[in-house]
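Encoded as structure tokens, the structure appears first; notes follow it.
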Amino acid sequence: MTLKEIKLLAAPTARGDANFSMSEADIRECLAAEVSRHGDFPPEFEYSAARAGLLLKHGIYSKRGLLPSRRGGWFRAIKQCYRNAHESVATDPGRYVLVEGYVWSYSLGHIPHAWFIDRLDPGLALDPTLGPSRKCFYFGLPIRFRHAVERILNSRYYGPVLADASIYDGTTPLENVIEKL
């Protein structure tokens, strides 16, 4: 276990969150470790290593940004990151891009998550779900909004596009899933 992974498992403190930092290299190291543990996953969690590999190859690193002002506010339902991100992008899909991957914070460790970015500044993650006081670092895959909408219509729920096995078995071409920035 790396020093960063040990830090992620440590009990949260108010001071720890303020001092917590994850560089892109640190995050890539954590994802590479997940890929290398591929054989340790039970079959039902096998896609976790495949997702980490996909993120390593095509993912983008972002730091937390401030949500821009928006008339009517942003979608902020608790524990509904996929819905919040999707509905936020739906307000202006020409400007915003849905992103799925992992978020790292001192108090949460790393968890699967969804957020969105502004095409004009993809280095800043816009996250309406997690509270603004939490210091977070993001690494994810920009998702084509049309693909996300089709998935929601077919499955009838807001959920992770990256959990779709057809992305990993080649049934769904990556160019249909990944949004080019």
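All of the numbers you see were taken from the coordinates with simple rules; none came from a lab. Predicted, not measured: the structure shown is a model, and the values here were computed from it. Virtual Cβ from ideal backbone geometry, glycine too; neighbours counted across all protein chains shown.
Observations
- Taking Ser88, Ser107, Ser36 in turn, the Gaussian network model of the chain (Cα-Cα springs below 10 Å) assigns the largest fluctuation to Ser36.
- Computed Rg/Rh of the chain, alpha carbon atoms with Kirkwood Rh: 0.95
- Projected onto its three principal axes, the C-alpha set of the stretch 78-118 covers 33, 18, 12 Å, listed from the longest axis down.
- Cβ-based exposure ranking for Phe139, Phe145, in which fewest neighbours within 10 Å come first: Phe145, Phe139
- Among Arg144, Arg51, Arg37, the largest mean-square fluctuation in a Gaussian network model of the chain (Cα springs under 10 Å) belongs to Arg37.
- When you count the other C-beta atoms within 10 angstrom of each residue and take the mean per peptide, 24-34, 69-79 line up highest first as 24-34, 69-79.
- Positive-end ranking of Leu162, Trp74, Pro122 along the dipole of the chain, with charges on Cβ about the Cα centre, is headed by Trp74.
- Estimated from helical segments only, the mean residue ellipticity of the chain at 222 nm is -10000 deg cm²/dmol, where each DSSP H run of four or more residues counts as -39500 (n - 2.57).
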